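Have a look at the structure below before the remarks.
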Amino acid sequence: MRVAIISDVHANLEALDAVMRDIRKKKLGEVLFLGDAVGYGPNPNECIEILKKNCRVLLAGNHDRAAVGLTEIEYFNEYAKEAVIWTREVLAEENRALLKTFPVMKEMRKDKMLLVHSTPKEPEAWHYLLTLWDAEINFHYFDDMLCVIGHSHLPFVIERLPSGEMVTYKEGSDLKKNERYIINCGSVGQPRDRDPRACYAILDNDRVDFIRVKYDVEKTQGKMREAGLPLPLIERLSRGT
Ligand code: ZN
């Protein structure tokens, strides 16, 4: 197994293009997508089309579900809400229909791996898995060696030893046979770990690494301005927050 895992593209075409180029250059066999194709960014249709063409697995995130009316947006902050409403207006009919078919979770038995946008415990409640306590609870909700998630836009590896002790890695990690892992693959289109470069993960049989890819942030920001998307969403891309 040597696959690329990407998540949280958020309609950022420049970031997605840069990541896809990097994936091709590295000759990674497959691309798995963990949700949030749309929301926040200016190119939802283009991003959905690229993902459809290139990914073996396509999951839905909360923004995808919101854009097609399948989840409430009351708990979205005002800027996210505004972007969802904008996205609903520009989404092509066939992309809307396609987004509705994406599941929120997929088990890859052969690879001993569960893929989910938010959490294995309640994949449609859209909770964030951020702390070791969140991880401890969620380790009880899947049987596989690995669970790969997105949603918080923060890349990390949480390793659970047979003793129950947990260790966090921020830069990737070896994957040991008798241990279990929750991995967040970071965000392609709106990183929040103060590194504005696009992020994705490469998963090998015994190792996971986070790859950072530079893209034309200003070009994306220019398109967002033209589309009239909220200023805080435009500005956060240059900070990676
Ligand atoms: Zn997201």
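Split the accessible area of the chain by element, probe 1.4 Å, and carbon with sulfur accounts for 49%.
Highest first, please rank the peptides 209-218, 41-50 by the mean number of other Cβ atoms sitting within 10 Å of their residues.
Ranking the peptides 209-218, 41-50 by packing returns 41-50, 209-218.
Here, the chain has an Rg and a Dmax of 16.8, 54 Å when only alpha carbons are counted.
Excluding ligands, DNA and RNA, what is the solvent-accessible area per residue of the stretch 45-162 at a probe of 1.4 Å, expressed in Å²? Counting only protein heavy atoms, the per-residue value for the stretch 45-162 is 48 Å². Report note on the peptides 57-64, 201-208: ranked by the mean count of other C-beta atoms within 10 Å, highest first, their order is 57-64, 201-208.
Could you tell me whether the stretch 22-143 comes out rounded, prolate or oblate from its Cα gyration tensor? Rule is a ≥ b ≥ c as square roots of the eigenvalues, rounded for a/c under 1.5, then prolate if a/b exceeds b/c, otherwise oblate. It comes out oblate by the Cα gyration axes.
How about the stretch 140-184: which chymotrypsin sites (Phe, Trp or Tyr not before Pro) there lie in a loop by DSSP and see at most 14 other Cβ atoms within 10 Å?
For chymotrypsin sites (Phe, Trp or Tyr not before Pro) across the stretch 140-184 that sit outside H, G, I, E and B with at most 14 neighbouring Cβ atoms in 10 Å, the list reads TYR141.
Anything over 22 Å Cα to Cα? Flag those among LYS121/LYS214; LYS106/LYS219; LYS170/LYS214; LYS52/LYS81, in the order listed. Among LYS121/LYS214; LYS106/LYS219; LYS170/LYS214; LYS52/LYS81, the Cα-Cα distance tops 22 Å for LYS121/LYS214; LYS106/LYS219; LYS52/LYS81.
The values are calculated or read from the model by the stated rules, or taken from the named source; none is laboratory data. These figures come from a predicted structure and were not determined experimentally. Every residue, glycine as well, gets a Cβ built from its backbone with ideal geometry; the counts of neighbours run over all protein chains shown. Ligands, DNA and RNA are stripped out before the accessible areas are found, and what is left, the full protein with its side chains, is counted by its heavy atoms. Shrake-Rupley method; radii C 1.70, N 1.55, O 1.52, S 1.80 Å.
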